[in-house]
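First the structure, in the form of structure tokens, and then the observations on it.
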Amino acid sequence: MLRFIPQAAMELTALAVISHYDPVTLGVVVTSAASAFTFITNLASGLRHLPVTVGCSITIIGALTYFSHTRLEDDDKNKNNAPRKGNVFYQIGSGAILFTLALFIAISAHRERYVLGFPATRPPSVTDILADIKNTCRRQYIPSYFYFPFERKYHAFDNVLLIVFFSHARYDINLDYYKEVYSEFFPNIVFIGPGSREDAGFEHSYDVLVDTYESDEDLSDPSFYKMAGRDLFWYHSPFGEYVPNIALGDGDVNANKSHHPPPLNISPDPAIDLTQTWRGWGPDWWWGEPHVGLEVCMRAFRQTPLEMRENLARKTNGTTRLLGGSADTLYIPGRHKDAFMDILGMFLETDCFLEIAVPTAVHLVLPPDEPILYVDHWWIWEGPFNASFVRQKWDEGFEVDSFHTFHWGDRGDDGVWRGNPAHIPDVRSVLLESAQRQGIEFPIRSIQREEAPPDPPDVRMDA
């Protein structure tokens, strides 16, 4: 019979509260008692989970506010009536008793294993739930986690999201090769590119279906190239700091600009009308291009926060300037993600050329007291478009962090583009060579392909 006492007490308490007050007060009493119990358990267990502490505190404060407000309303209604002596003590005492009883019921019901209608197995306690929240989180890995079916030995990029933008459908086999090489080091990869065949100007394009955007790629008109979507992101800043690199020698050699690829460009004065004298994107680049150039980009630039524009002007001798250059490789720290997306979004609402929008947005978001590291990125238009280019630059005394364009294959004599699987071990090899040049321990899977990969790991991960 003892097992039914908490349930009976709960029902009697509920009737008493409804009789003397109302159903709303009953809900407030029960909620505040449960919150108090959870609050005490959270502190006593040593877990001290902050969201639980804050949530319970807000609930308890809300309950006290409710009772105080109700008391004031009662006083207003009875202000013309002479108060009975001891009425205040009666209300305070009865409220305290009700709260204590509700708290006792919550504790008793929590500890009771065999309550009528409940299974015999003990349900998770509040302590169990708090401990589970504190120690682990459960989520599904994104699909790219399983691109590499072997055990990863390199974990420096486990908390980095690699976003790969591609603009042409000919990247069919390229994506497979890219996944095979880089998924060993980047478990989190997202590919973004055209979701349908839009290959005007490219005879060797093939259908590739990717869950991404629809672009308006059209390179058939040399006077107005329509670039697909928003291409790739990158960064190498004229204000950047060179990363120490023992492969280039001492610090003085590394600081010499002649050992690094050229940085992006600083724009002319945007107040000058460059469209009248623009000779094309070859001789004059894109600044004066009437559809996507500097004049169009300024519409977005003027909408950005004044403080950001002033910070950028300090880097360009107090003048208003935008920046432009290759938009192939860019790393965005997580703390700047939201600001970067907001600023870049302003440019993307116009037709501003991406290779003006991205570098300018980066420098607008960059805090004035925070350095930016230089990426040794190369934009090449003559071969070799493979790992041989990297080794070639090493022999010339340069470093290569990234370069565009890289071909995982090429067009044959028959005019058909085909991937070359020999590039897979060659890229792995050049990655290992690069690490050895810079004295970095870089565990990498065998250059040759392996067979019979193990089963994929469990999807549960620690917080």
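The values are calculated or read from the model by the stated rules, or taken from the named source; none is laboratory data. Every value quoted in this text rests on a predicted model; they were computed, and no experiment measured them. Neighbour counts are summed over all protein chains in view; Cβ atoms, including those assigned to glycine, are modelled from backbone coordinates with ideal geometry.
Contact map, the range 236-257: residues that are touching a residue at least 40 places away in the same chain (Cβ under 8 Å) paired with residues that are assigned to a loop (DSSP other than H, G, I, E, B) and small (Gly, Ala, Ser), Cβ distance under 8 Å, separation 6+ or inter-chain. Pairs shown: 236/325; 236/326; 242/255; 246/439; 248/397. Tell me, yes or no, whether the range 270-278 has at least one residue that is among the charged types (D, E, K, R), closer than 24 Å to residue 368 by Cβ and either assigned to a loop (DSSP other than H, G, I, E, B) or at pLDDT 90 or above (or both). No, the range 270-278 has no match at all. Filtering the range 302-338 to residues that are under 27 Å from residue 378 (Cα atoms) and among the hydrophobic types (A, V, I, L, M, F, W, C) leaves 312, 313, 322, 323, 327, 330, 332. One residue is enough: does the range 298-318 have a residue meeting the conditions farther than 23 Å from residue 342 by Cβ and either of a type outside the set (D, E, K, R) or surrounded by fewer than 16 Cβ atoms within 10 Å (Cβ to Cβ) (or both)? The answer is yes, given that some residue of the range 298-318 is farther than 23 Å from residue 342 by Cβ and either of a type outside the set (D, E, K, R) or surrounded by fewer than 16 Cβ atoms within 10 Å (Cβ to Cβ) (or both). Residues in the range 410-435 that are of a type outside the set (Asp, Glu) and exposed (fewer than 12 other Cβ atoms within 10 Å of the Cβ): 412, 415, 416, 422. For the range 237-254, a tally of residues being under 32 Å from the mean Cα position of the chain (by Cα) and over 20 Å from residue 435 (Cα atoms) returns 5.
Yes/no matrix, rows are residues, columns are (1) crowded, with 17+ Cβ neighbours inside 10 Å; (2) over 25 Å from residue 307 (Cβ atoms); (3) at pLDDT below 90:
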site	(1), (2), (3)
344	yes, no, no
369	no, no, yes
386	yes, yes, no
389	yes, yes, no
392	no, yes, no
396	no, yes, no
408	yes, yes, yes
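Scan the range 295-338 for residues that are farther than 30 Å from residue 400 by Cβ, of a type outside the set (Asp, Glu) and part of a helix (DSSP H, G or I) and report the count. So that I can check it myself, show each step before the final result.
Step one: list which residues in the range 295-338 are farther than 30 Å from residue 400 by Cβ, which gives 295-296, 298-311, 313-314, 317-320, 338.
Narrowing further to those that are of a type outside the set (Asp, Glu): 296, 298-306, 308-309, 311, 313-314, 317-320.
Add one more test, that the residue is part of a helix (DSSP H, G or I), and what stays is 296, 298-301, 306, 308-309, 311, 313-314.
Qualifying residue count for the region: 11.
Could you check the range 408-447 and list, in sequence order, the residues that are part of a loop (DSSP other than H, G, I, E, B), assigned by TED's automatic domain parsing to the domain that holds residue 244 and closer than 15 Å to residue 180 by Cα? Correct list: 408, 420, 421, 422.
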